[in-house]
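The values are calculated or read from the model by the stated rules, or taken from the named source; none is laboratory data. Just so we're clear, the structure is a prediction, and the values are computed from it rather than from any experiment. Quick reminder, even Gly has a Cβ in these numbers, built from the backbone with ideal geometry, and neighbours come from all protein chains shown.
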């Protein structure tokens, strides 16, 4: 695969900051290293498919790819949750992310899992740099990161931007992937890591999947507004068939966002790697049509060739097909089920 093609895979669908860092490595024939970090807090919803699909592209581009479980970060940011429960949630996330990557067809050998507390939390070199960072950084600079930090009165959340920045340096990566809500964190890393003697990393910013209502999909929102990975097929179908569908304003249509940001990217990547996958809808005239692009689907919707109900049925069917291996993995793992009860007790 060419250098340009590899960069296209890495950068597709995301806002790339400091792209020259990645391009320089590719031009020199160096191994590019990247990671996506997640803090095991609330129970994940299908918004996590967006970064996981990007991991598929990283692997296809030959990137050394890492998933980083920031468990210490999770304990600090959710300081009302016990360290023991954070440990259970970390195991839950590990089970889930492994099942998601399996469902997407990503070989386990191509993505490494790293847990923050096992790698860095008690490492003397990491702690030393964290102390140096505390001397450099003002409270205002921490609050500027946003993300549950700007209005906190507690000390522990204010430690999180530094830990996330230092993870880049100590993992030795060339880029970090994160959502739109991570921009403040990335700016923090760009500002302070060089002052500690570290090279800057590039940052890839992916959009956030909205809820079915069109607002941000969040673990704190009503269950009907989001789809979780272990929702039953009937629950997924029911949520989708009953959700609001704004045909006039497609940009704020939560269901169409799932098609645009999850289904079509996955279908494209799967087909390019020789694993046939399709998204098809029943049209108004009763024919069935396979859609190759989101733009084509929206055009047919606006022209009345395909209706909202048929799109809902198609999205529900396709999403359930993607989620079924994850549900099966959970159903067959007694250990995961026990961890789930401990991580998220009823």
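Just a few scattered comments:
- Boolean, residue 138 is surrounded by fewer than 16 Cβ atoms within 10 Å (Cβ to Cβ) and in contact with a strand residue (DSSP E or B) (Cβ under 6 Å, 6 or more places away or on another chain): no
- Every residue from region 162-198 that is over 17 Å from residue 38 (Cβ atoms), in contact (Cβ under 8 Å) with a residue 60 or more places away in the chain and either outside the structural domain of residue 19 (by TED's automatic domain parsing) or out of contact with any strand residue (DSSP E or B) (no Cβ under 9 Å at 6 or more places or on another chain) (or both): 196
- Residue, surrounded by the fewest Cβ atoms within 10 Å (Cβ to Cβ), within region 20-39, restricted to residues that are in contact with a strand residue (DSSP E or B) (Cβ under 6 Å, 6 or more places away or on another chain) and not in a strand (DSSP E or B): 31
- Selection count, region 136-160, where residues are at pLDDT 95 or above and either assigned to a helix (DSSP H, G or I) or under 22 Å from residue 180 (Cβ atoms) (or both): 1
- Any hit, region 161-180, residues being over 30 Å from residue 26 (Cβ atoms), outside any loop (DSSP other than H, G, I, E, B) and touching a helix residue (DSSP H, G or I) at 6+ places or on another chain (Cβ under 8 Å): no
- Residues within region 203-219 that are modelled with pLDDT of 75 or more and surrounded by 19 or more Cβ atoms within 10 Å (Cβ to Cβ), tallied: 7
- Residue in region 111-133 that is within 27 Å of residue 322 (Cβ to Cβ) and assigned to a loop (DSSP other than H, G, I, E, B) present: no
- Selection status of residue 332, touching a residue at least 24 places away in the same chain (Cβ under 8 Å) and under 19 Å from residue 103 (Cα atoms): no
- Restricting region 281-295 to residues that are farther than 17 Å from residue 312 by Cβ and touching a strand residue (DSSP E or B) at 6+ places or on another chain (Cβ under 9 Å), the residue that is surrounded by the fewest Cβ atoms within 10 Å (Cβ to Cβ) is 290.
- Residue in region 61-82 that is out of contact with any strand residue (DSSP E or B) (no Cβ under 7 Å at 6 or more places or on another chain) and under 18 Å from residue 273 (Cα atoms) present: yes
- Filter pass, residue 9 being outside the structural domain of residue 236 (by TED's automatic domain parsing), in contact with a strand residue (DSSP E or B) (Cβ under 6 Å, 6 or more places away or on another chain), in a helix (DSSP H, G or I) and buried (at least 19 other Cβ atoms within 10 Å of the Cβ): no
- If you go through region 69-86 and keep only what is assigned to a helix (DSSP H, G or I) and closer than 18 Å to residue 114 by Cβ, you end up with 71, 72, 73, 74, 75, 76, 86.
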